[in-house]
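I have placed the structure first, in the form of structure tokens, so that the comments after it can refer back to it.
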């Protein structure tokens with residue numbers, strides 16, 4: 001795994017932290033690593049943390065949508081957390097409101113939601 | 001393209017993907033120097049990220065220059081490449097139009113996020129985009 005993204009296991013949930021300088025190459029690796037770990041750890045929940053991202057452009061927006069789709073196909077409920085208010089406003093203006101992705105304000109909110117469904 | 005008189009405030013060569021992050025950081029700092037508001041900075045840096053990536057992916061690389069303008073105080077960037085150019089700018093600015101693997105929201109999205117947007121492109125000669133943001 002490159003330095004641009006890391007995957008941790010927290011309460012049977014896979015936590016993905018994405019950093020600011022992620023590239024196309026990193027994304028392919030991240031998608032592969034995440035999908036393999038969802039299966040090998042039988043994870044039912046994935047949380048993607050973007051608090052480190054000062055901005056989300058259409059490139060990163062596409063990554064987030066793809067990661068959510070892959071996790072969903074592998075039966076893991078996925079939350080994007082840590083979005084800054086200015087990022088949310090900018091994404092709406094870009095026409096990228098991530099319709100296929102669930103969001104939560106923070107990691108603890110997402111974990112609570114997953115626990116309530118028996119997925120964490 | 002000749003915009004208003006400007007003081008140079010930075011320059012980033014766009015040769016590889018990591019340089020897009022470097023361009024974002026440089027513009028972010030220039031906005032900080034003008035005490036820009038968080039939302040204005042986020043909008044402008046996002047727009048810069050879009051066009052810097054375009055220059056890399058479609059233009060084969062390029063250069064991003066940052067300028068400070070006065071009366072009123074604001075930031076201008078110029079992003080140029082010597083790539084294939086854009087045959088139909090109106091079409092390229094339309095959401096949903098994409099020649100690569102992107103979502104086709106980049107160029108039109110960038111224009112909506114900034115206070116001034118100018119684009120010049122010649123087929124076979126390259127593309128230059130100027131964008132301005134008030135702090």
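Once you sort the root eigenvalues of the Cα gyration tensor of chain A as a ≥ b ≥ c, which label holds: rounded (a/c under 1.5), prolate (a/b larger than b/c) or oblate (the other case)? Please list the in-between numbers first.
Working: a/c = 1.70, a/b = 1.25, b/c = 1.36.
In terms of gyration-tensor shape, oblate.
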Expected 222 nm ellipticity per residue - DSSP helices of 4 or more, -39500 (n - 2.57), all of chain A, to 500: -13500 deg cm²/dmol
Chain B: calculated mean residue ellipticity at 222 nm from DSSP helix runs of at least 4, using -39500 (n - 2.57): -11500 deg cm²/dmol
Inter-label distance for residue B:18 and residue A:20, nm, one decimal - labels placed 7 Å from Cα along Cα-to-Cβ: 1.5 nm
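If R₀ is 30 angstrom, what is the calculated FRET efficiency for the pair residue B:25 and residue B:115, using the beta carbon separation as r and rounding to 0.05? Can you show the working numbers first?
Working: r = 21 Å, r/R0 = 0.70.
Calculated value: 0.90.
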Ranked by how many other beta carbons lie within 10 Å on average, peptides B:43-49, A:19-25, A:108-114 from highest: B:43-49, A:108-114, A:19-25
Most fluctuating residue given options B:30, B:21, B:55, as computed from a GNM of chain B linking Cα atoms under 10 Å: B:21
Nearest-0.05 FRET efficiency for residue A:42 and residue A:6, computed from C-beta distance (R0 25 Å): 0.80
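Readers should treat all values here as calculations from the given coordinates under stated rules, not as data from a laboratory. The model shown is predicted, which means the values in this text are computed figures rather than measured ones. Using ideal geometry, Cβ is built from the backbone for each residue, glycine included, and neighbour counts are taken over all protein chains shown.
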